[in-house]
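Chemist: Here it is, the structure, as structure tokens.
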Amino acid sequence: MFGQERIPPSAGAKPVSGEVIASYTDYAGAQRAVDYLSDNEFPVEHTAIVGGDLRLVENVLGRLDAKKAALAGAASGVWFGLLIGLFLGIFAERATGWIWIVLMGVVWGALAGALFGWIGYRSMGGKRDFVSTSQLVAARYDVLVETQYAERARNIVGRLSL
């Protein structure tokens, strides 16, 4: 597992290459290793943390019904209405006019958001009746160091586990 590894670069990023000097099961461990390298004045610009064996994890938070969809839409609409109300309030002639415009923006935003949330839920036809969050997680996190610095980095990180 340790040794030369070449990983294709993503668009716009510098190519990640070098030797794996340490592997961890969580990101915090890999971050701690790079931080330890930095604390020991290692040139960390020659390192990379690379997640391997990626998978998508979706955590189901609860059941979704028409009422919850409308409430979530209303909450989003409030923020949009507030933004529009503040923008239009700039053009108000009196201070009371500004407050009234912002208040109407919030009310109409909540109503429109609730309507769109309800319509969106109904248009799904009973499919995906749940709320969830998604995250991308890795099974392991490798600390890669450019080959010319790898031995020094390996020695420093070796002291971290002591």
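Chemist: For the full complex of protein chains and a 1.4 angstrom probe, list Val60, Val145, Val106 by accessible area with the highest value first.
Modeler: Largest to smallest exposure gives the sequence Val60, Val106, Val145.
Chemist: Per residue, what accessible area does the chain have, given a 1.4 Å probe and all protein chains present, in Å²?
Modeler: Accessible area per residue, the chain: 67 Å².
Chemist: Here's something else I'd like to know. Would you tell me the accessible area of Phe87, worked out with a 1.4 angstrom probe on the heavy atoms of the protein chains, in Å² to the nearest 10?
Modeler: Its heavy atoms expose roughly 120 Å² to the probe.
Chemist: How large a share of the accessible area of the chain, in percent, is made up of carbon and sulfur atoms when the probe is 1.4 Å and the other protein chains stay in place?
Modeler: 63 percent
Chemist: Once the Cβ-Cβ distance between Leu54 and Leu115 is put in as r, and R0 is 22 Å, what FRET efficiency do you end up with, to the nearest 0.05?
Modeler: FRET efficiency, Leu54 to Leu115: 0.05.
Chemist: What figure, in Å² to the nearest 10, do you get for the accessible area of Tyr141 with a 1.4 Å probe and non-protein molecules left out?
Modeler: Taking all protein chains as shown, Tyr141 has close to 40 Å².
Chemist: Within segment 33-56, list the residues whose amide N lies under 17 Å from a label point set 7 Å along Cα→Cβ of Asn155.
Modeler: Backbone N within reach: 37-44.
Chemist: Got a sec? What order do Leu37, Leu160, Leu86 fall in by accessible area at 1.4 Å, biggest, i.e. largest, first?
Modeler: Order by accessible area, largest first: Leu86, Leu160, Leu37.
Chemist: Putting +1 on Lys and Arg Cβ atoms and -1 on Asp and Glu Cβ atoms, find which of Val50, Val143, Val60 reaches farthest to the positive end of the dipole of the chain.
Modeler: It is Val60.
Chemist: Here's something else I'd like to know. With N denoting the number of residues in the chain, provide Rg(C-alpha) divided by 2.2 N^0.38 Å, to two decimal places.
Modeler: 1.69
Chemist: In terms of solvent-accessible area of protein heavy atoms at a 1.4 angstrom probe, what is the ranking of Glu58, Glu45, Glu146, highest value first?
Modeler: Output order, biggest surface exposure first: Glu45, Glu58, Glu146.
Chemist: Grab the DSSP H runs of the chain that are 4 residues or longer, score each as -39,500 (n - 2.57), total them, divide by all residues and round the 222 nm result to the nearest 500 deg cm²/dmol.
Modeler: Per the formula, -17000 deg cm²/dmol.
Chemist: Quote the charge dipole size of segment 13-162 about the Cα centre in Debye, to the nearest 20; the model charges only the Cβ of Lys and Arg (+1) and of Asp and Glu (-1).
Modeler: 780 debye
Chemist: Once you place label points 7 Å from the Cα toward the Cβ at Arg63 and Glu45, how far apart are they in nm?
Modeler: 5.7 nm
The values are calculated or read from the model by the stated rules, or taken from the named source; none is laboratory data. This structure is a prediction, so every number in the text was calculated from the model and none was measured. When we count neighbours, we look across all protein chains shown, and the Cβ atoms used for this are built from the backbone with ideal geometry, even at glycine. Accessible surface is based on the protein model in full, side chains and every heavy atom, while ligands, DNA and RNA are left aside. Shrake-Rupley method; radii C 1.70, N 1.55, O 1.52, S 1.80 Å.
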